[in-house]
Amino acid sequence: MATSRCVLSCVTCSTNNHNRPITSGVGYLRTALSSAVKPLIQDMELSKLNKITEASRSIKMAPLAILNTLVDSLFKFVDQPMLPSQKNFSPVEEREERVKVDCGQGEIPEDFPEGVYIRNGANPLFGGLKYAVSVFGKTDNIWIEGEGMLHALYFTKSAEGNWSFCYKNRYVETETYKMERDRKRPCFLPVVSGDPIAALASTILNLLRFGIVNKIMSNTNVFEHGGKYYSVAENYVPQEIDLSSLETYGNWNLNGAWSRPFTSHPKKVPGTGELITTGFEPSKPYCVMGVISADGKDLIHKLDLQLDHCSLFHEVGVTKKYNILIDSMLTISPERVMKGGQLFKYEKEKQARIAVIPRYGDADSIKWFHIEPCCTYHLMNSFEDGNEVVVRGCKADAAIIPGPEWDEDKFDWFSKGFIFKPVNSDNAGNDGLLFTSIREWRLNMETLEVKERDLTGSEYSMDFPMINADFTGLKHKYGYTQVINSDASSESAKTKYGGLAKLYFEEKTEENSHGERNIKMEYHWLPENNFCSGSAFVSKPGAIDEDDGWIVTFAHDEETEISYVLVIDAKQFTGEPIAKINLPQRVPYGHHGSFFSST
């Protein structure tokens, strides 16, 4: 996200249909129209209501073929323009086979684990993100949308100790991906951003034709649980994948026990290995949390948080005893669309809060801690420290998802948001509102007092945090982030990360000229016009120290148009990369990456 950003891909389905085939028939059309459309349009202005009602009446009894013909005649898909500076955000083709590649610089150390470094990201079909233009107005795909594509680099060592490397990429073959691939054209109308009446019409038509509101993205992250591997974005259940072939096996819904979307960042509980997830939808229950058994076979606990609104939760945190959620008040409301607003809205005027939830607790056991307004998608870690629960995450003053209001200039809004944030600035307009720092919240479980502070100051914006996964939910000394290049991001109006940072949580710097006393940080900068994505920490087998290991990252040189993978020694963080592995094709900037050791 960047990401999200992380991603985040956070467009939720409006129906709990994760276990049935995506089909459409007259009976389902009638049911969907009655249950999903009528409650939404009752507060609309008469002129808008008449247009939608007239269209709905015609659609209601139509066979699917006629519906498709109607959409084809009313809606035109148009490519969103891309600037030269955005070139490496454009999609690439899928490769049929693995391609052997060489280590072009340095060498992989002997104690580096064999395995696969894999990164997920949006790779839109049919040329890129689209506008849909119709008599109702215009809607568009937002920057996090697009089918998921996996990019994998395989690290293999021979019996003689010689390393070899292979690269492969492949689409995550969700049901909606296969549908559009087979039809050889876009089918789903964009719904997240656009003219309100056009967004509503698109929502209705998608629901009636396909049974769901939006495509199954599965473009944000890859995780492992119970010895199996999954691609995920939080608008649907995870898709099980094969790490070797990158083949998609299908939905993971715990034999029907989990029928909701699934967070892009589930967390394993330290000690037990249970998996904590959450899923949000814009209808009651708005948010449900689940505890999955360590073997991945059973849903052993399920909790309705009993929220009175739907918030976007991109990540969940854990400690030894608790589950953690940050409600930044980035809300999703179909009713808001009926009143001329957007589906997503960052409600900064409402107070953000953190939920601390006993592992198997009910809604009454949740402790809510009110915090300063912030937008937080990514958590670095959380842990218990005496009578406090410590939460560390990435905090900004505005929501990068979905972006500006519909009538604002998107390029201008994003560009100003990435402008370097002056110390003690008043953030005139949108200047610097997307600047992201690492925030620490200390939550006293006895007094309910909150202590919060920025740890990284205002010199560099950073996001996509990572730690040694062995310390998830435990007190840790180190963390790592990607560091944004504010100038390049402002120029392209998209996030570009020009380096990496190592954070020393138990060491502080001297007070700087701005009166800040931050934690110690080290930086690893990429060459000019080189940018990275999907970074991950690789722990050294048999490691003694927490930072025994390496950072791996996909990177791209915009001058030569060559993509590569860097391997950086976490203990010699500012030094030269220990290896650079050139890739056989361009790899677009994407979302989250993971390294899985061979078993």
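Quick notes on this one:
- So THR174, is it open to solvent by less than 10 Å² (accessible area, probe 1.4 Å), in contact with a Cys (Cβ under 7 Å, 6 or more places away or on another chain) and not hydrophobic (A, V, I, L, M, F, W, C): no
- Residue in segment 288-305 that is modelled with pLDDT under 95 and either open to solvent by 20 Å² or more (accessible area, probe 1.4 Å) or hydrophobic (A, V, I, L, M, F, W, C) (or both) present: no
- Of the numbered criteria (1) within 24 Å of MET466 (Cα to Cα); (2) in contact with a Pro (Cβ under 9 Å, 6 or more places away or on another chain), the one ILE366 fails is (1).
- Selection count where residues are surrounded by 15 or more Cβ atoms within 10 Å (Cβ to Cβ) and on the phi < 0 side of the Ramachandran plot, scope segment 106-120: 8
- Some residue of segment 434-442 being among the polar types (S, T, N, Q), part of a strand (DSSP E or B) and open to solvent by less than 20 Å² (accessible area, probe 1.4 Å): yes
- Extreme residue, nearest to PHE554 (Cα to Cα), among residues of segment 495-516 that are assigned to a loop (DSSP other than H, G, I, E, B) and at pLDDT below 95: THR509
- Some residue of segment 249-272 being of a type in the set (Lys, Arg), in a loop (DSSP other than H, G, I, E, B) and modelled with pLDDT under 95: yes
- Tallying residues that are closer than 13 Å to GLY479 by Cβ and surrounded by fewer than 20 Cβ atoms within 10 Å (Cβ to Cβ) within segment 517-533 yields 3.
- Of the residues in segment 384-399, not one is open to solvent by 30 Å² or more (accessible area, probe 1.4 Å), under 20 Å from SER437 (Cα atoms) and among the polar types (S, T, N, Q).
- Just so you know, in segment 443-473 the residues that are part of a loop (DSSP other than H, G, I, E, B) and within 20 Å of LYS508 (Cβ to Cβ) include one that is modelled with the highest pLDDT, and it is ILE467.
Here's the yes/no breakdown for (1) of a type in the set (Lys, Arg); (2) in contact with a Pro (Cβ under 9 Å, 6 or more places away or on another chain); (3) buried (at least 16 other Cβ atoms within 10 Å of the Cβ):
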| site | (1), (2), (3) |
| --- | --- |
| TYR460 | no, no, yes |
| ASN468 | no, no, yes |
| GLY479 | no, yes, yes |
| ALA488 | no, no, yes |
| THR495 | no, no, yes |
| GLU506 | no, no, no |
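- Residues of segment 344-358 that are surrounded by 15 or more Cβ atoms within 10 Å (Cβ to Cβ) and in a loop (DSSP other than H, G, I, E, B): GLU347, LYS348.
- Of all residues in segment 68-84, those satisfying the criterion of being surrounded by 16 or more Cβ atoms within 10 Å (Cβ to Cβ) and outside any loop (DSSP other than H, G, I, E, B) are ASN68, LEU70, VAL71, LEU74, PHE77.
- Filtering segment 157-193 to residues that are among the acidic types (Asp, Glu) and within 26 Å of the chain's Cα centre (by Cα) leaves GLU173, GLU175, GLU180.
- Residues in segment 151-182 that are out of contact with any Gly (no Cβ under 8 Å at 6 or more places or on another chain) and hydrophobic (A, V, I, L, M, F, W, C) were compared, and the one that is farthest from HIS591 (Cα to Cα) is ALA159.
- Qualifying residue in segment 149-163 (condition: crowded, with 22+ Cβ neighbours inside 10 Å and of a type in the set (S, T, N, Q)): no
- Applying the condition of being in a loop (DSSP other than H, G, I, E, B) and among the polar types (S, T, N, Q) to segment 276-305 and asking which residue is farthest from MET329 (Cα to Cα) yields SER293.
- For segment 306-325, the set of residues classified as open to solvent by less than 10 Å² (accessible area, probe 1.4 Å) and part of a strand (DSSP E or B) consists of SER311, GLY317, VAL318, ASN323, ILE324, LEU325, listed by residue number.
- So HIS370, is it in contact with a strand residue (DSSP E or B) (Cβ under 6 Å, 6 or more places away or on another chain) and either open to solvent by 20 Å² or more (accessible area, probe 1.4 Å) or of a type in the set (Gly, Ala, Ser) (or both): yes
- Lone qualifier among HIS524, HIS591 - being in a loop (DSSP other than H, G, I, E, B) and at pLDDT 95 or above: HIS591
- Residue match in segment 543-563 (condition: within 22 Å of the chain's Cα centre (by Cα) and either within 30 Å of LYS320 (Cβ to Cβ) or at pLDDT below 95 (or both)): yes
- Leading residue by the ranking (farthest from SER437 (Cα to Cα)) among those in segment 456-477 that are under 19 Å from the mean Cα position of the chain (by Cα) and of a type in the set (A, V, I, L, M, F, W, C): ALA469
- Filtered residues of segment 314-330 (kept if under 16 Å from LYS350 (Cβ atoms) and of a type in the set (D, E, K, R)): ASP327
Yes/no matrix, rows are residues, columns are (1) on the phi > 0 side of the Ramachandran plot; (2) surrounded by fewer than 23 Cβ atoms within 10 Å (Cβ to Cβ); (3) of a type in the set (Gly, Ala, Ser):
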position	(1), (2), (3)
LYS184	yes, yes, no
VAL192	no, no, no
ALA198	no, no, yes
ALA201	no, no, yes
ILE216	no, no, no
HIS225	no, yes, no
LYS228	no, yes, no
GLU240	no, yes, no
GLU247	no, yes, no
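- From GLY361, GLY341, residue being in a loop (DSSP other than H, G, I, E, B) and in contact with a helix residue (DSSP H, G or I) (Cβ under 9 Å, 6 or more places away or on another chain): GLY341
The values are calculated or read from the model by the stated rules, or taken from the named source; none is laboratory data. None of the values given here were measured: they were computed from a predicted structure. Positions of Cβ are generated from backbone atoms using ideal geometry, with glycine treated the same way; all protein chains shown enter the neighbour counts. Each accessible area value is taken on the protein alone, full model and side chains, heavy atoms only, with ligands, DNA and RNA left out. Shrake-Rupley method; radii C 1.70, N 1.55, O 1.52, S 1.80 Å.
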